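In what follows, a single structure is set out as structure tokens and then discussed.
Read the figures in this text as sums done on the coordinates, not as results from a lab. Worth saying up front: this structure is predicted, and the values here are computed from it rather than measured. Here Cβ is always computed from backbone atoms with ideal geometry, including for glycine, and neighbour counts include all displayed protein chains.
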Amino acid sequence: MFWATVNLVVDSQGAFDWWAEGEKRGNFAFASGLGGNDRRFLMLLYGVDGLNWLQAGCVAQAGKISQSFMYARPVIDGDDLAIIARSSIDAPNQHDADYATFHRVRDFRRLALKLVPEKEGE
């Protein structure tokens, strides 16, 4: 089983007015037309081949569009997954990190669905 921590971009790059309002306030390090600016949701993904991924759940969620979790690094610690992330909490934008945040997902393997199908006739 492969595991990964990623950001889930939820605004579809401008489908809502979240980015336009943030740009007016100067909250973003990059223009909203570029992909990957929304980094508020730190997600845990898994898969059996490292190519196809399913969501196991949300590790952390920032409340403001200008906040973020970036470059998260997971480490297996027994049955848990320990994660440290470069984070923007009180910084002027979503890119300029001012914190390192620590997260723990207890018994993380239980979050995965059984992806290998059962054999027919058994």
(request) Apply the Karplus parameterisation 6.51 cos²θ - 1.76 cosθ + 1.60, with θ equal to phi minus 60°, to every residue of segment 55-70 and state each ³J(HN,Hα) to the nearest whole Hz, in sequence, with x for glycine and proline. (result) 7, 8, x, 9, 7, 8, 9, 8, x, 10, 5, 8, 9, 6, 10, 9
(request) Under 11 Å from the Cβ of I84, count the other residues' Cβ atoms, weight Lys and Arg +1, Asp and Glu -1, and hand me the total. (result) +3
(request) Subtracting the Cα-Cα distance from 0.36 nm times the residue separation, let me have the gained length for L111 to V10 in nm, one decimal. (result) 34.2 nm
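Multiply the residue gap between L51 and F102 by 0.36 nm, knock off their C-alpha separation, and tell me the result in nm, one decimal place.
15.7 nm
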(request) Report ³J(HN,Hα) in whole Hz for each residue of segment 96-112, in order, from the Karplus equation J = 6.51 cos²θ - 1.76 cosθ + 1.60 where θ = phi - 60°; Gly and Pro get x. (result) 7, 5, 10, 9, 10, 10, 10, 9, 9, 10, 6, 6, 4, 5, 5, 6, 7
(message) Using a 7 Å offset from Cα along Cα-Cβ at K24, what residues in segment 46-85 end up with backbone N under 17 Å from the label point?
(response) 65-66
(request) Taking a cut-off of 17 Å between Cα atoms, list the lysines near K64, but don't count ones fewer than 8 places away on the same chain. (result) K24
